[in-house]
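Worksheet for the structure shown next.
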Amino acid sequence: MKNNIYNLHKCKLIEFPTLSDERGDLTFLESFKQIPFDIKRIYYLHNNKNLNRGAHAHKELNQIVLSISGSFDIKLDDGKLSKTFKLSKKNMGLYICPMIWRDLFNFTKDSVCLVLASDFYKESDYIRNYQEFLSYCE
Ligand code: TYD
């Protein structure tokens, strides 16, 4: 049974503070400050071939997805509504709550997708079948 507190309205773009001077820009983020959870894992997608990624939801995981180089699109779907975001700014992250299906696509060659996650990798937290995901949403 889907917990109604998890829907697309919970997902939002977060702007991270950036300090700029003549040397360039420095962007930072901290758990429980800009990031609404404790960061336990970081992974990144690079050398992207413009093939789709994602195609899953997480039962409990919270994530922030950001583009630290190039750009890509990410479509979020809560089983009722969907919305596509273009991530291209190094100081903007997209917060994704649990129980949101995501598809990543349109990767530019130079893209690097950085993901901050609230837990360690656990295959049991994944829902990889869209029909199964929808059945949780009813
Ligand atoms: P997957 O989640 O399917 O990638 P994406 O959603 O970006 O398309 O992960 C691909 C493989 O990598 C899969 O075998 C699980 C493994 N993996 C880890 O071992 N640790 C991790 O932190 C992640 C995200 C994936």
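A few comments on the model shown:
- Distant alpha-carbon pairs in region 4-62 (separation over 13 angstrom), percent: 78
- In the context of the full set of protein chains, the chain has a per residue accessible area of 59 Å² (1.4 Å probe).
- Computed on the chain, with alpha-carbon pairs under 8 angstrom and 6+ residues apart, the relative contact order is 36 percent.
- Values of log10 I(q)/I(0) for the chain across q = 0.11, 0.17, 0.21 Å⁻¹ run -0.40, -0.94, -1.38, by the Debye formula with one identical scatterer at each alpha carbon and no solvent.
- Restraint check, 12/40; 49/122; 40/80; 10/109, Cα-Cα greater than 27 Å: 40/80; 10/109
- Portion, in percent, of the accessible area of the chain that falls on carbon or sulfur, probe 1.4 Å: 51
The values are calculated or read from the model by the stated rules, or taken from the named source; none is laboratory data. Everything quoted here is computed from the prediction, not taken from an experiment. The accessibility values were calculated without ligands, DNA or RNA, using every heavy atom of the protein model including side chains. Shrake-Rupley method; radii C 1.70, N 1.55, O 1.52, S 1.80 Å.
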